[in-house]
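These notes are about the structure you will find just below.
The values are calculated or read from the model by the stated rules, or taken from the named source; none is laboratory data. In this text the structure is predicted, and so the values were computed from the model without any measurement. Here the Cβ is made from the backbone with ideal geometry for all residues, glycine too, and neighbour counts use every protein chain on show.
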Amino acid sequence: MDKPQQELKFTPFAERHIAMGAKMVPFAGFYMPVEYSGITDEHLTVRQCAGVFDVSHMGEIWVEGKHALDFLQYVTTNDVSKLYDGKVQYSCFPNGKGGIVDDILVYRFSGDRYLLVVNASNIDKDWNWLLQQNSFGVELNNVSDSFAQLAIQGPLAVNVLQPLTGVKLDDLKYYTFVQDVFAGVRDVIISATGYTGAGGFEIYFDKKYAEVIWDAIFESGHPIGMKPAGLGARDTLRLEMGYCLYGNDIDDTTSPIEANLGWIVKFESYKNFIDKDLLLEQKNKGVNRRRVGFRMIDKGIPRHGYNIKNMNGETIGIVTSGTLSPVLKEGIGMGYVSAGYEILGQEIYIEIRGKMLKAQITDMPFVSSGVLK
């Protein structure tokens, strides 16, 4: 096994990954498992049973104070005032130029206390951005290095976790959370969220309890065939659901309107946020490109960076994410296409190794809980 570069960070579970035979790779500044038993096997295990992802590389930032809500209303596009204690919201930071600093989760603990969960590759960027925008006098605390996080995903995730907590997990609605005892550890955040579309939970806790919680989960999950899963399966699972990956499908040059994330941009009169006027203009006047999903008609696997063309061979866009779907057994992808080509059913062509292979614009998600949509 190649030794990691000295500057790479390790999650609290790195030794567990290596001991379980994971293939380790550098990712977002961390030494992370990309696969264990194989991407397809792990993918299908999550869709049909349950899998465990180490997502401790993600960032966590507390926002606290009497003006916390006002601050978050300004720096995010979604309407934070709609949250209640124990509710989670998907949102993004607009960058003042029509692009996206990051896509995030907002957890409301109280009216003056929120937790932001941000992408690993953007922790420093997000932190500095929030500091720059903080004219509201809120208290910001970057606790990313003290948190560990595991995502237990799949239809049987509740079977794995229920023996470890007194919280009635079946009563925990999608995008809500509680903070309670888990595996004997206090103050664990149990969140009914995830990045796979297969159902399940994400749990956050002090990293000093990492081994205790990891071992408890695997002991509970062993009888039903639960497996560890790596970044590879995480990527194919999120792509089957049409979920964006920052750095691929969205970034500082893509607006949430272009990215078809208009549903997280709230233009209510009482909400003033960065780029509001610009994004409202895009909504009303339209944009020159749109993120779309497509399925291959011809046999081929689309990949990030491949050109999208029309029937005349003219380049009309670019693939941002692509894979061979383990569920559908065919190539699927997302990308941006010029206005007029985003219509469902529209035939397009993906340039793969110099060949023009036919594909079709389709709705997303591509699958629903592992079943063809």
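Just checking, how many residues over the stretch 187-226 are surrounded by fewer than 16 Cβ atoms within 10 Å (Cβ to Cβ) and in a strand (DSSP E or B)?
1
Go through the stretch 47-72 and give me each residue that's under 21 Å from the mean Cα position of the chain (by Cα) and within 24 Å of Val265 (Cα to Cα).
Those that are under 21 Å from the mean Cα position of the chain (by Cα) and within 24 Å of Val265 (Cα to Cα): Met58, Gly59, Glu60, Ile61, Trp62, Val63, Leu72.
Give, as residue ranges, the helices (runs of 4 or more DSSP H) completely inside the stretch 1-77 that count at least 1 residues that are within 23 Å of Met226 (Cα to Cα) and in contact (Cβ under 8 Å) with a residue 12 or more places away in the chain.
The qualifying helices (runs of 4 or more DSSP H) are 14-19, 39-48.
Please report, ordered by residue number, the strands (runs of 3 or more DSSP E) entirely within the stretch 136-186 with at least 1 residues that are closer than 23 Å to Met226 by Cα and either among the aromatic types (Phe, Trp, Tyr) or touching a His at 6+ places or on another chain (Cβ under 8 Å) (or both).
Fully inside the stretch 136-186 and qualifying: 177-182.
So Ile301 ticks every box in (1) farther than 23 Å from Ala233 by Cα; (2) of a type in the set (Val, Ile, Thr); (3) surrounded by fewer than 21 Cβ atoms within 10 Å (Cβ to Cβ) but one. Which box is left unticked?
(1)
Which number in (1) of a type outside the set (Ser, Thr, Tyr); (2) touching a Phe, Trp or Tyr at 6+ places or on another chain (Cβ under 6 Å); (3) not assigned by TED's automatic domain parsing to the domain that holds Ile39 marks the one condition that Pro256 misses?
Unmet for Pro256, out of (1) of a type outside the set (Ser, Thr, Tyr); (2) touching a Phe, Trp or Tyr at 6+ places or on another chain (Cβ under 6 Å); (3) not assigned by TED's automatic domain parsing to the domain that holds Ile39: (2).
Working carefully through the options Phe147, Phe205, Phe177, find the one that is among the aromatic types (Phe, Trp, Tyr), closer than 20 Å to Asp112 by Cα and out of contact with any Leu (no Cβ under 8 Å at 6 or more places or on another chain).
One residue alone meets the criteria, Phe177.
Given the criterion in a loop (DSSP other than H, G, I, E, B), more than 30 Å from Leu69 (Cα to Cα) and at pLDDT 95 or above, identify the matching residue among Val287, Val337.
Criteria check complete, one pass: Val287.
Across the stretch 59-81, what is the total count of residues that are farther than 23 Å from Ala259 by Cβ and hydroxyl-bearing (Ser, Thr, Tyr)?
So the count comes out to 1.
Determine if the stretch 83-104 includes at least one residue that is modelled with pLDDT of 95 or more, aromatic (Phe, Trp, Tyr), closer than 27 Å to Ala210 by Cα and not in a strand (DSSP E or B).
Among the residues of the stretch 83-104, not one is modelled with pLDDT of 95 or more, aromatic (Phe, Trp, Tyr), closer than 27 Å to Ala210 by Cα and not in a strand (DSSP E or B), which makes the answer no.
When the stretch 282-293 is examined, which residues are found to be surrounded by 13 or more Cβ atoms within 10 Å (Cβ to Cβ) and either more than 13 Å from Asp249 (Cβ to Cβ) or in contact with a His (Cβ under 7 Å, 6 or more places away or on another chain) (or both)?
Result: Gln282, Lys283, Val287.
Looking at Glu64, Glu7, Glu15 in this structure, which one is surrounded by fewer than 19 Cβ atoms within 10 Å (Cβ to Cβ) and at pLDDT below 95?
Just a single option satisfies the conditions, and that option is Glu7.
Conditions: (1) over 21 Å from the mean Cα position of the chain (by Cα); (2) hydroxyl-bearing (Ser, Thr, Tyr); (3) farther than 25 Å from Gly262 by Cα. Tyr84 meets all but one. Number of the miss?
Among (1) over 21 Å from the mean Cα position of the chain (by Cα); (2) hydroxyl-bearing (Ser, Thr, Tyr); (3) farther than 25 Å from Gly262 by Cα, Tyr84 violates only (3).
Quick check on the stretch 304-325: of everything there that is more than 19 Å from the chain's Cα centre (by Cα) and in a loop (DSSP other than H, G, I, E, B), which residue is surrounded by the fewest Cβ atoms within 10 Å (Cβ to Cβ)?
So the residue we want is Asn312.
Mind listing whichever residues of the stretch 130-157 are among the hydrophobic types (A, V, I, L, M, F, W, C) and touching a residue at least 40 places away in the same chain (Cβ under 8 Å)?
Of everything in the stretch 130-157, those that are among the hydrophobic types (A, V, I, L, M, F, W, C) and touching a residue at least 40 places away in the same chain (Cβ under 8 Å) turn out to be Leu130, Phe136, Val138, Leu140, Val143, Phe147, Ala148, Leu150, Ala151, Ile152, Leu156, Ala157.
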